[in-house]
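Enquirer: Can you keep this structure in mind? I'll have questions shortly.
Nothing in this text is a laboratory measurement; each read-out follows from the coordinates by a stated rule. What you see is a predicted model; the values in this text were computed from it and never measured.
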Amino acid sequence: VLPRTLHVDEPSSQVDWDSGAVRLLSEARDWSVGEGRRRAGVSSFGISGTNAHVILEEGDPEAGAQLAGGSFRSTVVPWVLSARSAEALRERLHQAASVAGGSVDVGWSLVTSRSVFEHRAVLLGGNWEELVSSAPVVASGSAPGVGVLFAGLGGQRVGMGRVLYE
């Protein structure tokens, strides 16, 4: 179902709505299947100036059938671990090296069936050996850290995020 367009009583007169295939939805309607893949544009405009736009496209039904059949293949599998203390997290990392099971199944179980605590680590690997061998490295504290700084768009003035970085 496609929901109606919110907060629009009357479409803009600045757009020639009859000349193209773009239209506002004045009421919810079924999203019928056509000849090609279905696409929809979604926009959100915030009062503070934060705008978000996304174009959604119908997925490939064959790929969906493959996922349902369990043949999903990923190049990287995350194992998300957490504990109440740094020491408990190190112990959990050492335990991860002896876990039995498929790497995707273990990753899924860690995300969906475990509690999330204050101290966290994520092991990334393309196969079982990479995941298991990275656990002791992370536990020892010698793994490289990751730092991310997002200071916004930065269009207001050059170097505006420099103070945060330094």
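Enquirer: If you stretched the chain out fully between VAL163 and ALA100, how much longer would it get, using 0.36 nm times the residue separation minus the C-alpha to C-alpha distance?
Expert: 18.0 nm
Enquirer: I need the semi-axes of the equivalent ellipsoid of segment 77-140: take the C-alpha gyration tensor, multiply each eigenvalue by 5, square-root it, list largest first in whole angstrom.
Expert: 17, 14, 9
Enquirer: Amide H of ARG38 versus every other amide H placed in the peptide plane: which residues, excluding those fewer than 5 positions away on the same chain, fall under 5 Å?
Expert: For ARG38, the qualifying residues are GLU58.
Enquirer: Please give the length that would be gained between ASP16 and ILE55 if that part of the chain were fully extended, namely 0.36 nm times their separation in residues minus their C-alpha to C-alpha distance (nm, one decimal). Walk me through the numbers before you get to the answer.
Expert: Details: separation 39, 0.36 × 39 = 14.04 nm, distance 2.08 nm.
Residue separation times 0.36 nm, minus the Cα-Cα distance, leaves 12.0 nm.
Enquirer: Using the Karplus equation 6.51 cos²θ - 1.76 cosθ + 1.60 (θ = phi - 60°), what ³J(HN,Hα) coupling, rounded to whole Hz, does each residue of segment 101-106 give in order, writing x for Gly and Pro?
Expert: The phi angles translate into x, x, 4, 5, 5, 5 Hz.
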